[in-house]
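Below: one structure, written as structure tokens.
Every number here is computed from the coordinates shown, using simple stated rules; none is lab data. Being a predicted model, the structure only gives us computed values, none of them experimental. Neighbour counts are summed over all protein chains in view; Cβ atoms, including those assigned to glycine, are modelled from backbone coordinates with ideal geometry.
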Amino acid sequence: MELPTQTYRVTRADLVRYAGASGDFNPIHWSDRTATKVGLPGVIAHGMFTMALVGRAVTTWAGAPDAVVDFNVRFTRPVLVPDTDEGTEVEVAAVVKEVTEDGLTRLDITATCLGEKVLSQARALVRAPS
């Protein structure tokens, strides 16, 4: 069973707010000059910010944050964030893989940006909210 796709817009302003909250002020997350100097195509979103967006989708599907029992991802491709008002979008989709004997639901998750997978082996285990 497929779950409804969740779409999240990511702008440079979001990256600045995340940097302040996380303390990760690496200039690859705000400076095109630095990002391209180290071989990136431009400014990229923080990996943990991308993971947090996917986590938000999981909690939406689960119905409550405390319903998430386990959540894992692997980072495969950065989310490139252009210096525009629109930024970019991360789309998060999931398929119910199974319901275990103890009532937990396993989700296989796909996160994409501009049609490219940005995470691999993204999975969650959730329980019905109490």
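Which count do you get for residues in segment 10-42 that are within 15 Å of Pro78 (Cα to Cα) and under 16 Å from the mean Cα position of the chain (by Cα)?
5
What pairs come up if the first residue lies in segment 42-58 and is without any contact (Cβ under 8 Å) to a residue 24 or more places away in the chain and in a helix (DSSP H, G or I), the second is crowded, with 23+ Cβ neighbours inside 10 Å and β-branched (Val, Ile, Thr), and their beta carbons are under 8 Å apart, counting only those six or more places apart or on different chains?
Within 8 Å, no pair qualifies.
Does any residue of segment 59-78 turn out to be under 16 Å from Trp30 (Cβ atoms) and touching a Pro at 6+ places or on another chain (Cβ under 6 Å)?
no
For the condition surrounded by fewer than 17 Cβ atoms within 10 Å (Cβ to Cβ), in a strand (DSSP E or B) and acidic (Asp, Glu), what is the one hit in Asp70, Asp66?
Every option except Asp70 fails the conditions.
Please determine, by comparing only the residues of segment 1-43 that are aromatic (Phe, Trp, Tyr) and farther than 15 Å from Val90 by Cα, which one is surrounded by the most Cβ atoms within 10 Å (Cβ to Cβ).
The extreme case among them is Tyr18.
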